[in-house]
Every structure is written in C-alpha cells, then in structure tokens.
Amino acid sequence: MINYFVKYYDKLIFALLEHLQIVFISLILSLVFAVILTFLCIYFNVLKKIMLSVTSMIYSVPSLAMFAILIPLTGLGKTTAIIVLVIYNQYLLLRNFLTGLHEVDYAIIEAATGMGMKKSQTLLFVQIPLAKKALFTGVRLALVSTIGIATIAASINAGGLGTILFDGLRTMNTSKIIWGSILSAGLAVVANYTLNYVENKFDKNR
Amino acid sequence: MRNAIEFQNVRKKFEQAKGNAVDYVNLTINEGEFITILGSSGCGKTTLLKLINRLYDPDEGKIILFGENIKDVDAIKVRRRIGYVIQQVGLFPHMTIAENIATVPKLLKWDREKIDARVDELLYLVGLAPAEFKKRYPNQLSGGQQQRIGLARALAVDPKIMLLDEPFGAIDSINRLKLQDELLQIHGGLKKTFLFVTHDIDEAFKLGTRIMIMNEGKIIQFDTPEKIIKNPADGFVESLIASAREKEKFWEKFV
C-alpha cells in the first residue's frame, strides 16, 4: 500500500488537487447564488416558501440520477459535476441562512426598526452579525457534502479522488480503493474539523 | 404651546382580529406633556404607540406630529426623529454599550468626536459612569442597567417625542421605583413629550401629567390624575380606581 503511494504519489496528488478544484469552484458559485437567493427570499416572502420546498425536493434526488439527468444537456465532465453540486448546496445554504437570520430575537429587530434602521441596515448591522454562527454552519455542511458528492462525480468523468476509488473497484485493486477512500474521507473529516473549530470561535466573542 | 401629536379619526385593524385595535381615536397632546397610556393587555395601547413611529400605518385617519402629517414623511425619517423604548429593551448583544447608544447618531452620520461626547453625556444622564460601562456588553449588565441603556439609546439624537412601551415591565419593584423617579427627572429637565404605555395603575398615576385610559381600542378618559379620580368617566375607570384602592387597603392590614 505504501509502495503504491511511493510509486504513484503524483497521480494521487493530482487527483486530490483536482478534487479540491471542483469543490472550491462549486462552493464559491454556491455561495454567490445562495446569498442572492437569501436576499430575494427576505425581500419577497412568497419566494421563501417556494424556494425552500423546491430546493429541498431537488436535494432528495439521488446524486447519480441528477448527473444522469444533466448529461444530455451539459455532457460528461466537470461542468455537469459543478452544476449538480451548486444546485444541491442551495438547499443546505438557503435553509441555514434563512433560519439563522430568522432566529435572531424579534425584540432586537423591532428595536432596530423602531430606531429607524432600513431593512438592509438591520440585516447588515444586526441580523447577519448575530446569525453568523448559523450562517457558518451552513457553509460547513455545504463544504462537507460537496467533498462527498464530488467523489461520485468521477463516474461522469469529472476527475478527482473518485477516479482512483472507481478505478480500484473496477480492477479490484485494494491499494487504489484504500487510498481513494482515505483521501476523500480524510479531506471531508479535516474540512469539517477545521470549520467546526472556526465556528466555535465565533461563539466565544458573543 | 404647540401641539406635538394629533390623531384625527384614526382607525387600525389587524387582519385576523375581530374588532378595531384602534377605534376612531381623536386626541391632541401638547409639547412637553408626560402622557401615560393605561389599559389592560389587548386594549390597543401598544398599537396606538406604534402608529406614531409608523411601525404600523393606520387604515383610516390622520396622525400629525408638529403640524406634519406623518403619512407624507418617509417612515425611516419619522422613526429617527422619535425615541423608542420597549419592554424587552432590545439592546444589540454583539455591540458594546457605547456602540448601542451610538446607533442612531451613526445612522445619521455624526462625526466621531460628537458621538463620543454624546455617549458620555447620555451615560451620565441615566446614572451610569461612562468609564465603567462604555466598553461593556449588554449581557454584563443587570436588567435595570440594560433598560437605562435602552433609554440612553432612545435619547441619543435628542428626539422631541419619546415612545416608551412598558419600559419597566420586566424590572423588579425596587429598581422600578428608582427608574420612575429618574425618568421624571429626565423628562422635567429635557422638556420633551413622553408617551408611556403601562398596565400598572400606580405607575400611570405617578408619572403622567395626563392619563389616557384605553379599553377595546377606544379612549375612555384622557385627563389629569386628579380629575380622573374625582370624575371617573364610566364604570370601567371606576373599577380601575377601585382596584388600586383595594391594594392600598390590603397593605394597611399589615400596619
């Protein structure tokens, strides 16, 4: 097993970097869309219910099926993988962002409004700072879920750590299976642990 | 003396409610008065207050502040001109005391030195030493101290009108009496128009230059404490006064 790493470490590192690339691009795009959607939902209450139920419905579709649906439209490869990951993340991010902002004590929001803060100012100076922990939780969950689903994206030629894992499964190569698993699981665990640490720091300075 | 607040046939109804929360109310309040609004919960007193700073808009009628129909003024502008204190205080837990008090001055883009000086002045006014309290966070303060900050924050830009919605409702009775005295002093020193909502009769009679008694969205009686005691408008007011007297008798038993 160690031999495999010594011999093919460049391949493993390439897969890891490719994986990180997919995750990074997906997460950035997801955040951009989720922030826009969150603002729209706050200003248009009707949209909130619709968006939450639509995204939750999409989230329940198995990822493999989702990839399959998109292949005729966007083909095999990274683009399709990233589209799917961004769509999935909308549920995790939107739900956490909206509940986080909603859970801020109503008396505080009323005081802010009563003093003459605009809706945008209340959001920026009061709700977002007070909800930052919940907002960050959303990002953490999205990151971990993206790392996981990105592994499956190897099945549509998106590259990443999943390639090694699937290769190993197809050829019954134990070393490949183990390295693929260790790296993708390890990545998720490390990412989760790190963000969790940051998240708990937020709690202290409240 | 100018009219500070005028209501002309004001009605407000909430969607799910049966009756009007505020039922065709007419009233005039002079500048510098300390009005207490007395009534049981659900009588419309808080709604009446929130109509003044446009947290609600009336379904009918006009509300005029210093000669200006507030419908014609941007709601944000109206609110920044009026001090607002609520029972739950609503201090921002992530901001220091100084930052909390500076909220409206910052929104109005005052310069820093002016804000600093004003924060100190206000902390003295509400009896808290600036050096000791400025940098603290709200959760490091007692309930009474928090409401003092709430009061200072509402007074920050020297509003002509102060709306106080049961500000001492959640404060223990010893601190409550102290705060009432201090509030009277603040009012006397500043010549502002205060509207103070309460369901505590003692508080209403102690603080008010005039008392507005409300029931089911209507003003039952609006007069000085003496005149209300001498000439209660109806059975409801009589029973209010009787209940206060009852309390007095209860205490006499122990003397």
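Once you treat every alpha carbon in the stretch A:1-56 as an equal point and sum by Debye, what is log10 I(q)/I(0) at q = 0.12, 0.17, 0.31 Å⁻¹?
Each listed q maps to, in turn, -0.51, -0.66, -1.08.
For peptide B:94-107, what's the mean number of Cβ atoms from other chains within 10 Å of each residue's Cβ?
2
Suppose every Lys and Arg Cβ carries +1 and every Asp and Glu Cβ carries -1, with no other charges. What dipole size does chain B come out with about its Cα centre, to the nearest 20 debye?
500
Given R₀ = 30 Å, what would the calculated FRET efficiency be for B:Ile174 paired with B:Ser40, taking r from the Cβ atoms and rounding to 0.05?
0.75
What length, rounded to one decimal in nm, is gained on full extension from B:Phe14 through to B:Glu216, with 0.36 nm per residue of separation minus their alpha-carbon distance?
71.4 nm
Could you derive backbone 3J(HN,Hα) for the stretch A:149-160 from the dihedral phi with the Karplus parameters 6.51, -1.76 and 1.60 (θ = phi - 60°), listing whole Hz in sequence and x where the residue is Gly or Pro?
For the stretch A:149-160, the Karplus-derived couplings read 5, 4, 5, 5, 4, 4, 5, 10, 6, 8, x, x Hz, x marking Gly and Pro.
Treating only the Cα positions of chain A as identical point scatterers, give the base-10 log of I(q)/I(0) from the Debye formula at each q in 0.17 Å⁻¹.
-1.12
Quick one: helix A:45-59 against the long Cα principal axis of chain A, what's the angle to the nearest 10°, folded into 0 to 90?
20
When the label point is put 7 Å from the Cα of B:Glu121 along its Cα-to-beta-carbon vector, which residues of the stretch B:143-165 have a backbone N closer than 19 Å?
Those under the cut-off are B:149-162.
Which number comes out as Rg/Rh for the stretch B:87-158 once both Rg and the Kirkwood Rh are worked out on C-alpha atoms?
0.92
Given charges of +1 on the Cβ of Lys and Arg and -1 on the Cβ of Asp and Glu, with all other atoms neutral, how large is the dipole of the stretch B:87-158 about its Cα centre, in debye to the nearest 20?
160
Between B:Trp110, B:Gln87, B:Ala156, whose Cα lies farthest towards the positive end of the dipole of the stretch B:87-158 when Lys and Arg beta carbons carry +1 and Asp and Glu beta carbons carry -1, centred on the Cα centre?
Working it through, the farthest residue towards the positive pole turns out to be B:Gln87.
Pick out, in residue order, every one of the chymotrypsin sites (Phe, Trp or Tyr not before Pro) in the stretch A:30-88 that is DSSP loop and has at most 12 other C-beta atoms within 10 Å; say none if there are none.
When the chymotrypsin sites (Phe, Trp or Tyr not before Pro) of the stretch A:30-88 are filtered for loop state and at most 12 Cβ neighbours within 10 Å, A:Phe44 remain.
5 Å is the cut-off here: which amide hydrogens, built 1.01 Å from N in the peptide plane, fall below it relative to B:Ile220, excluding neighbours closer than 5 in sequence?
Correct list: B:Ile213, B:Met214, B:Asn215.
Averaged across B:79-90, how many Cβ atoms of other chains sit within 10 Å of each residue's Cβ atom?
Average neighbour count from other chains, rounded to a whole number: 4.
Report the convex hull volume per residue for the protein assembly as shown, counting only C-alpha atoms, in Å³.
Per residue, the Cα convex hull of the protein assembly as shown comes to 218 Å³.
Positive end of the charge dipole of the protein assembly as shown (Lys, Arg +1 and Asp, Glu -1 on Cβ, about the Cα centre): tell me which of B:Met212, A:Ala112, A:Ile164 has its Cα farthest that way.
A:Ile164
Given points 7 Å out from each Cα along the Cα-Cβ axis, report the A:Ala107 to B:Glu252 separation in nanometres with one decimal.
3.8
When the convex hull of the C-alpha atoms of chain B is computed, what volume per residue in Å³ does it have?
So the per-residue Cα hull volume is 151 Å³.
Would you kindly compute the Cα radius of gyration of the stretch B:173-255 and its largest Cα-Cα separation (Dmax), both in Å?
14.1, 41
Excluding residues on the same chain fewer than 8 positions from A:Lys48, give the lysines whose Cα lies under 23 Å from its Cα.
Hits, sequence-local ones excluded: A:Lys118, A:Lys119, A:Lys132, A:Lys133.
How far apart, in nanometres, would the label points at B:Ile64 and B:Ile76 be if each is projected 7 angstrom from Cα along the Cα-to-Cβ direction?
Modelled inter-label distance: 2.8 nm.
For B:Ala242 paired with B:Lys206, estimate the spin-label separation in nm (one decimal), with each label point 7 Å from Cα along the Cα-to-Cβ line.
Rounded to a tenth, the inter-label distance reads 2.5 nm.
Quick one: P(r) of the stretch A:48-153 from all Cα-Cα pairs, 5 Å bins, percents rounded to integers, in order of increasing distance.
Whole-percent P(r) values from 0 Å outward: 2, 12, 18, 17, 15, 12, 8, 7, 5, 3, 1.
For the protein assembly as shown, what is the mean residue ellipticity at 222 nm derived from helices alone (per DSSP H run of n ≥ 4: -39500 (n - 2.57); sum divided by total residues; nearest 500 deg cm²/dmol)?
Calculated mean residue ellipticity at 222 nm is -19000 deg cm²/dmol.
Per residue of A:114-124, what is the mean number of Cβ atoms on other protein chains within 10 angstrom of that residue's Cβ?
For peptide A:114-124, the averaged partner shielding equals 6.
In Å and on Cα atoms, what radius of gyration and Dmax does the stretch A:146-186 show?
Reported Rg and Dmax, both Å: 9.1, 26.
Can you give the charge dipole size of chain A about its Cα centre, rounded to the nearest 20 debye, using +1 on the beta carbon of Lys and Arg and -1 on the beta carbon of Asp and Glu?
The dipole of chain A has a size of about 100 debye.
Using the Kirkwood formula on the Cα atoms of the stretch B:25-147, what hydrodynamic radius do you get, in angstrom to one decimal?
16.9
With unit charges on the beta carbon (Lys/Arg positive, Asp/Glu negative), name the residue among B:Leu122, B:Ser173, A:Asn3 whose Cα is farthest towards the positive pole of the charge dipole of the protein assembly as shown.
About the Cα centre, the residue reaching furthest to the positive side is A:Asn3.
Please turn the phi angles of the stretch A:122-127 into ³J(HN,Hα) values with the Karplus equation 6.51 cos²θ - 1.76 cosθ + 1.60 (θ = phi - 60°), one per residue in order, whole Hz, x for glycine and proline.
Couplings: 4, 4, 6, 8, 10, 5 Hz.
Coordinate-derived values only; no laboratory data. Everything numeric in this text was worked out from a predicted model, so none of it was measured. Methodologically, a virtual Cβ is constructed for each residue, glycine included, from the backbone with ideal geometry; neighbour enumeration extends over all protein chains shown.
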